[in-house]
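The values are calculated or read from the model by the stated rules, or taken from the named source; none is laboratory data. All values derive from a computational prediction rather than experimental measurement. Because the Cβ atoms are built from the backbone with ideal geometry, glycine has one as well, and the counts that use them run over all protein chains shown. With ligands, DNA and RNA removed, areas are computed over all heavy atoms of the protein, side chains included. Shrake-Rupley method; radii C 1.70, N 1.55, O 1.52, S 1.80 Å.
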Amino acid sequence: MDALLGTGPRRARGCLGAAGPTSSGRAVRTPAAPWARFSAWLECVCVVTFDLELGQALELVYPNDFRLTDKEKSSICYLSFPDSHSGCLGDTQFSFRMRQCGGQRSPWHADDRHYNSRAPVALQREPAHYFGYVYFRQVKDSSVKRGYFQKSLVLVSRLPFVRLFQALLSLIAPEYFDKLAPCLEAVCSEIDQWPAPAPGQTLNLPVMGVVVQVRIPSRVDKSESSPPKQCDQENLLPAPVALASVHELDLFSCLQPLRFCCDFRPYFTIHDSEFKEFTTRTQAPPNVVLGVTNPFFIKTLQHWPHILRVGEPKMSGQAPGDLPKQVKLKKPSRLKTLDTKPGLYTAYTAHLHRDKALLKRLLKGVQKKRPSDVQSALLRRHLLELTQSFIIPLEHYMASLMPLQKSITPWKTPPQIRPFSQDDFLRSLEHAGPQLTCILKGDWLGLYRRFFKSPHFDGWYRQRHKEMALKLEALHLEAICEANIETWMKDKSEVEVVDLVLKLREKLVRAQGHQLPVKEATLQRAQLYIETVIGSLPKDLQAVLCPP
């Protein structure tokens, strides 16, 4: 397993229509349409089988009115079977991410904007990519010409809920492989009864006699929220199975990439439609993480700056207190092809020193067979604290760019957010840098400078600037609603009054669409102000502003 800086296949723990005609369009469903609740969670369910003449072939797509382009069908077929899968006897689960070939899809679901406004950025619905969650089975079968039963059940979604959908597949896939279509149709009907995804709420999701209980994180959650509490259990038979997370994997046994503002493909093959685009040598390597299992990529992408080859750590043959060679950085020049040893090969020099105490603690856990959940908790806490130490100075500096609340007056355009100055920020680190909360030594300034040049800073900055601009607009609306509207109108012309009505209405629409963080009382007062202002105008203008 190699990551060309992603995760690939891992061992599993545990009336449908045939693939329909090709169309670049999408079945648009209103919330009241059939399968609307199903489509709040999944785009479609696919079954991919192996055909002796065709190779991987799409056997079923459900709902049958969901349209996939030829390119999307081909990608799903190739990505749903492990690369070099001859050694994958039994059941294997993994996930992939693929580009929608028709470009960004217009969201049909009326609640898309509402969900995205409440969900953390990393858990929002993808506008232009699909996630594929795969359960692949390969077992010997003498009744099949090739001697093997090979089939994949694939859940296609725009939601990055890796853990939820893998848990769902572990329930339904074994049953499907035994009973086929009738079982799958029943499961899809059950999913069509689920409540819509709601950030911040604990949801009970019944499927195949089991109630899966999940909580989707909310934007307002603290950095470490507790797993869902089992509520109303006395009314649920059988008792619900609570998932600690809808999206987080076991970080110790399956390395998950952190929040990535560019493209990423947890599983990628040479058959992917973008293979040529990603492997060309005529330009710099793209900003993408590829998870691969085919050794061919090590040779093809030797010029990439980072290659992580994953393997079992060898604990023998090292002096007490030493770290295994696998955890030490290696230069790309040491890359071979098929016999490349596990490790991280990078052309970059690390800016921060390694936390040797943490590494030794984790390796000691491996020796003592410490549960992977405990190992994951150690690793997650370390990454969380390191990320917080890095981000907190940036957050503090961004907050200083926000205009003071006393400078926001009701009848003037609110002041602008001041521009981000990299030099000013770097100067602020001397007294308010990560050294206040992190013991790791190293070139923090160099790390921030590299961060500024990356797409990840641009993604972070755009998101924070957008949130601050909305907050500024919300504060302006609150200032208007706290002012005396009648006093303001006394010396204003009809044009100015009408202009106020139009602007208030625009703000109200945005606020009611959950785009502005304002209280319900503020919305009610803004509506009252609009009615008051319109009532002060001549009847002809009232008729224009409030047509019957």
Restricting the search to the range 400-412, which residues are modelled with pLDDT of 85 or more and open to solvent by 60 Å² or more (accessible area, probe 1.4 Å)? Leu404
Have a look at Leu504, Leu516, Leu500 and point out the one that is modelled with pLDDT of 80 or more and under 30 Å from Val220 (Cβ atoms). Leu504
The conditions are (1) modelled with pLDDT of 85 or more; (2) of a type in the set (Asp, Glu); (3) open to solvent by 10 Å² or more (accessible area, probe 1.4 Å); (4) touching a strand residue (DSSP E or B) at 6+ places or on another chain (Cβ under 9 Å), and Asp70 fails exactly one of them. Which is it? (4)
Any hit, the range 190-209, residues being β-branched (Val, Ile, Thr) and assigned to a loop (DSSP other than H, G, I, E, B): no
When you scan the range 522-534, do you find a residue that is within 39 Å of the chain's Cα centre (by Cα), of a type in the set (Gly, Ala, Ser) and under 30 Å from Ala198 (Cα atoms), even just one? yes
Residues of the range 466-497 that turn out to be in contact with a Leu (Cβ under 7 Å, 6 or more places away or on another chain), aliphatic (A, V, I, L, M) and more than 19 Å from Thr532 (Cα to Cα), as a count: 2
Residues satisfying the stated conditions in the range 482-496, i.e. open to solvent by less than 40 Å² (accessible area, probe 1.4 Å) and either within 25 Å of Glu395 (Cα to Cα) or assigned to a helix (DSSP H, G or I) (or both): Ile485, Trp488, Met489
Given the conditions (1) more than 30 Å from the chain's Cα centre (by Cα); (2) at pLDDT 85 or above, and given that Gly321 satisfies all but one, which numbered condition is not satisfied? (2)
Of all residues in the range 87-97 being modelled with pLDDT of 70 or more and out of contact with any Pro (no Cβ under 8 Å at 6 or more places or on another chain), the one that is most open to solvent (accessible area, probe 1.4 Å): Leu89
Among the residues of the range 357-364, is there at least one that is open to solvent by less than 80 Å² (accessible area, probe 1.4 Å), at pLDDT 80 or above and either in contact with a Phe, Trp or Tyr (Cβ under 6 Å, 6 or more places away or on another chain) or basic (Lys, Arg) (or both)? no
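Quick check: anything in the range 458-481 aromatic (Phe, Trp, Tyr), under 24 Å from Ile417 (Cβ atoms), open to solvent by less than 90 Å² (accessible area, probe 1.4 Å) and in a helix (DSSP H, G or I)? Step through it out loud before you land on a result.
Looking only at the range 458-481, we keep the residues that are aromatic (Phe, Trp, Tyr), and these are 460-461.
Checking which are under 24 Å from Ile417 (Cβ atoms) leaves us with 460-461.
Filter once more, so that each one left must be open to solvent by less than 90 Å² (accessible area, probe 1.4 Å): 460-461.
Retained after the next criterion (residues that are in a helix (DSSP H, G or I)): 460-461.
Yes, the range 458-481 contains a residue that is aromatic (Phe, Trp, Tyr), under 24 Å from Ile417 (Cβ atoms), open to solvent by less than 90 Å² (accessible area, probe 1.4 Å) and in a helix (DSSP H, G or I).
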Per the filter on the range 151-189, residues open to solvent by less than 10 Å² (accessible area, probe 1.4 Å), hydroxyl-bearing (Ser, Thr, Tyr) and in a helix (DSSP H, G or I) are Tyr176
Name the pairs: first residue in the range 445-464 and over 14 Å from Met398 (Cβ atoms), second residue exposed (fewer than 14 other Cβ atoms within 10 Å of the Cβ), Cβ to Cβ under 6 Å, at least 6 apart or on different chains? Pro455/Cys262; Pro455/Asn287
Restricted to the range 427-445, and to residues that are assigned to a helix (DSSP H, G or I) and under 28 Å from the mean Cα position of the chain (by Cα), which residue is modelled with the highest pLDDT? Trp444
Do we have any residue at all in the range 78-86 that's over 23 Å from Ile172 (Cβ atoms), modelled with pLDDT of 85 or more and of a type in the set (S, T, N, Q)? no
